[in-house]
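*Asks:* Just passing along the structure, written as structure tokens.
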Amino acid sequence: MALVKMKQLLLQAQKENRGCGAFSVGNMEMVKGAIRAAEELNTPIILQIAEVRLKHSPLHLMGPMMVQAAKEAKVDVAVHLDHGLTMPVVEKALELGFTSVMLDASTLPFEENMEQVKRVVQLAAGYGATVEAELGLVGGSEDGSTDHGIRCTDPEDAAVYARETGIDALAVAIGNAHGNYPVAPHLAFDVLEEIHRRVDIPLVLHGGSGISDRDFQRAISLGIRKVNIATASFNSLTAHAEQYFRSEGKHDFFGLNEAMEQGTYENVKRHILVFNEPYEA
């Protein structure tokens, strides 16, 4: 298949009433594991990396690998910059061939958030790339270093924001949070339903790790088209690596490589199956 725009995958998911998994990756093994799961299930996916992860997984190394893996995959794959924080990083991702970018200006006042995102929309247009943005506050952060709290997206503001910025996908805050949930979250489905009624672009759910399968499917039935999964993949990779080192016999890099890939593969496969299954009320 091919490296494609994220917008194409989200519109396809909308047509088929399912969610498209967006899986964060941090090394070669995670890229390989995610692609293997997508190919096995013949389901398009999004590979993504957040700016806060770049200190461990440099963009100039990860980016070309993600793009090349997408080009060679047997299913359609989009490559996305998740939670971009600075314009230079957003621009670098576009130069490397990412087909989608996000500038997270959600902590800024409404008008300033819109102005920042409009700049990204204009920049991305020159590359033919998709733009995602966030309104409201999703709890926690990608690396667990900060937490600005949770503030649900206002449906009326969401309609104005989507229309005025010209973005392709809107990440909403409905009680979701990044990182590991101490308990399963209570999502504000009434808020999501109202946003979906007012906004005519695909919606995005961040902080997917720890949300129940049924809540995923209900959210998808109410307009969520992109579902971010990061922590669950990192946790699964780590668990498989630990299990490998606890196993009997000789241990080496190559065995560790296979364990990390398998951990990612199993988590990605499980979530794809959930996102493809329709919600039953």
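*Asks:* Of the residues F253, F245, F98, which exhibits the maximal mean-square fluctuation in a Gaussian network model of the chain defined by a 10 Å Cα contact cut-off?
*Replies:* F253
*Asks:* Okay, next question. Taking the Cβ of each residue in T165, T107 as the centre, tally the other Cβ atoms inside 10 Å and list the residues starting with the fewest.
*Replies:* Values: T165 21, T107 12.
So the residues, fewest neighbours to most, are T107, T165.
*Asks:* For every other residue with a beta carbon closer than 13 angstrom to the beta carbon of F189, add +1 if it is Lys or Arg and -1 if Asp or Glu, then tell me the sum.
*Replies:* -1
*Asks:* About its Cα centre, how strong a charge dipole does the chain have in debye, to the nearest 20, once Lys and Arg get +1 and Asp and Glu get -1 at the Cβ?
*Replies:* That gives the chain a dipole magnitude of about 540 debye.
*Asks:* Right, another one. Would you work out the relative contact order for the chain, in percent, from Cα pairs under 8 angstrom that are 6 or more residues apart?
*Replies:* Here the relative contact order equals 21 percent.
*Asks:* Pick out which of V31, V89, V268 has the largest mean-square fluctuation in a Gaussian network model of the chain, springs linking Cα atoms closer than 10 Å.
*Replies:* V89
*Asks:* Would you please give the FRET efficiency between N257 and L108, computed as 1/(1 + (r/R0)^6) with r the Cβ-Cβ distance and R0 = 35 Å, to the nearest 0.05?
*Replies:* The calculated FRET efficiency here is 0.30.
*Asks:* Expressed as an acute angle from 0 to 90° and rounded to the nearest 10, what is the orientation of the C-alpha long axis of helix 253-276 relative to the principal long axis of the chain?
*Replies:* That works out to roughly 40 degrees.
*Asks:* Take the residue pairs K15/K71; K74/K118; K92/K250; K226/K250; K32/K118; K5/K32 and return only those whose Cα atoms are more than 31 Å apart.
*Replies:* Beyond 31 Å between Cα atoms: K74/K118; K92/K250; K226/K250; K32/K118.
*Asks:* Out of L135, L123, L94, any idea which swings most in a Gaussian network model of the chain, alpha carbons joined below 10 Å?
*Replies:* Checking each option, the largest mean-square fluctuation is seen for L123.
Every read-out reported here was derived from the displayed coordinates using simple, explicitly stated rules and does not represent laboratory data. Only a predicted model underlies this, so the values are computations on that prediction, with no experimental measurement involved. Counting neighbours? That spans all protein chains shown, and the Cβs are built from the backbone with ideal geometry, glycine included.
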